[in-house]
Amino acid sequence: MQNTRLNTLVDNFAEGLGGWLRNPWRRLSVLIISLLLGNFLASALSTVAGQKAELDIVIAGILVALSELVSRINYGGSPETRRSLLVQNLNALKIGMVYGFFVEAFKLGS
């Protein structure tokens, strides 16, 4: 690829972001934000899917399949894959969503 100004700008931004995320506290904060975002998404998805009440089974099947796919990538992959920030963020998002769905189920049951 040619070394254009845009390519240089994107490379510098990616290197700076990678350097910023090497700090363990910043990495932990990104993972916590991902966990909380998963909890929020679970609340939003259960509310939106419950409005129509026709797509509940389809959405539940898709979410279970995505959850199993993320688990397979995270727990079945190589150690380098497990340590990558993207996989850890996806796993934190999945954990937050599962927790959020349990909380929503408890709210409906009470």
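Okay, here's what the table says:
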item	result
Ordering of 56-62, 3-9 by burial proxy (mean other Cβ atoms within 10 Å per residue, highest first)	56-62, 3-9
Å² of accessible area per residue within the chain, as computed with a 1.4 Å probe and no ligands counted	77
Degrees, to the nearest 10: 5-21 long Cα axis against longest axis of the chain	60
Distance from segment 73-91 to segment 21-51 (C-alpha centre basis), Å	17
Charge sum, other residues only, whose C-beta stays under 13 Å from V48's C-beta, Lys/Arg counted +1 and Asp/Glu -1	-2
Karplus-derived 3J(HN,Hα), 6.51/-1.76/1.60, for each residue of segment 84-98, Hz, glycine and proline x	5, 5, 5, 5, 5, 5, 4, 5, 5, 5, 5, 5, x, 5, 4
Ordering of 100-106, 64-70 by burial proxy (mean other Cβ atoms within 10 Å per residue, highest first)	100-106, 64-70
About the Cα centre, charge dipole magnitude for the chain (Lys/Arg +1, Asp/Glu -1 at Cβ), debye	320
With every protein chain in place, segment 1-93: carbon and sulfur % of accessible area (1.4 Å)	67
Over the chain, relative contact order from alpha-carbon pairs under 8 Å, at least 6 apart, %	40
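The values are calculated or read from the model by the stated rules, or taken from the named source; none is laboratory data. Nothing here was measured: the structure is a model prediction, and the numbers come from that model. Cβ coordinates were reconstructed from backbone atoms using ideal geometry, including for glycine residues, and neighbour counts include every protein chain displayed. Side chains are part of the model used for accessible areas, which takes the heavy atoms of the whole protein and leaves out ligands, DNA and RNA. Shrake-Rupley method; radii C 1.70, N 1.55, O 1.52, S 1.80 Å.
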